[in-house]
Amino acid sequence: MSPSIKVRGLRFKAEVSKIKEPGQISHKTIGAWMGILQASYVIHLLPPFYNNFSKRIIKSPKLYFYDTGLACALLGISAPSQLITHSSRGALFENYVINELIKDRFNEGLRSNLF
């Protein structure tokens with residue numbers, strides 16, 4: 001995996017324009033990869049919610065991993081003791097909470113959208 005894609009995954013943001021390193025990967029290729037990862041249930045994108053519809057279109061969605069273990073592996077976390085002091089522990093907790101909310105909605109027979 002490319003270092004820039006790994007770093008973007010760590011920040012849990014899906015900003016395709018910032019993933020690309022000069023001269024390496026096209027936006028179209030990155031979009032295709034993101035589509036494959038979504039279709040294979042590795043990641044899911046949560047669109048932003050604002051009362052102002054224009055902001056919803058402009059702001060980028062947040063990227064969440066279905067498997068928090070994969071997210072930890074991308075961060076280089078291999079033991080619970082490392083998580084306690086890691087700078088991304090808040091983002092990992094957010095990822096966990098979003099996954100639990102989505103699972104709860106699926107179990108109730110609702111759509112996976114959170115708003």
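Considering only the stretch 75-108, state which residues are over 23 Å from Y41 (Cβ atoms) and not in a loop (DSSP other than H, G, I, E, B). Hits for the stretch 75-108 are P80, S81, Q82, L83, I84, T85, R89, G90.
Can you find a residue that is modelled with pLDDT of 85 or more and either exposed (fewer than 14 other Cβ atoms within 10 Å of the Cβ) or more than 9 Å from the chain's Cα centre (by Cα) (or both) anywhere in the stretch 61-68? Yes, because at least one residue in the stretch 61-68 is modelled with pLDDT of 85 or more and either exposed (fewer than 14 other Cβ atoms within 10 Å of the Cβ) or more than 9 Å from the chain's Cα centre (by Cα) (or both). Assessment of the stretch 40-51 against the conditions (at pLDDT 85 or above, of a type in the set (S, T, Y) and more than 24 Å from K103 (Cα to Cα)) yields no matching residue. Could you go through the stretch 17-37 and let me know if any residue there is within 11 Å of the chain's Cα centre (by Cα), at pLDDT below 80, over 17 Å from I102 (Cα atoms) and not in a helix (DSSP H, G or I). No, the stretch 17-37 contains no residue that is within 11 Å of the chain's Cα centre (by Cα), at pLDDT below 80, over 17 Å from I102 (Cα atoms) and not in a helix (DSSP H, G or I). Within the stretch 94-115, residues that are free of Cβ contacts under 8 Å to residues at least 12 places away in the same chain and over 13 Å from F65 (Cβ atoms) have Cβ atoms under 6 Å from residues that are surrounded by 11 or more Cβ atoms within 10 Å (Cβ to Cβ) and hydroxyl-bearing (S, T, Y) in these pairs: R105/S112, counting only partners at least 6 apart in sequence or on another chain. For I57, the conditions (1) of a type outside the set (S, T, N, Q); (2) closer than 24 Å to L101 by Cα; (3) in a helix (DSSP H, G or I); (4) modelled with pLDDT of 75 or more are fulfilled apart from (4).
The values are calculated or read from the model by the stated rules, or taken from the named source; none is laboratory data. Quantities reported herein were computed from a predicted structural model and do not represent experimental measurements. Don't worry about glycine lacking a Cβ; one is built from the backbone with ideal geometry, like all the others, and counts go over all protein chains shown.
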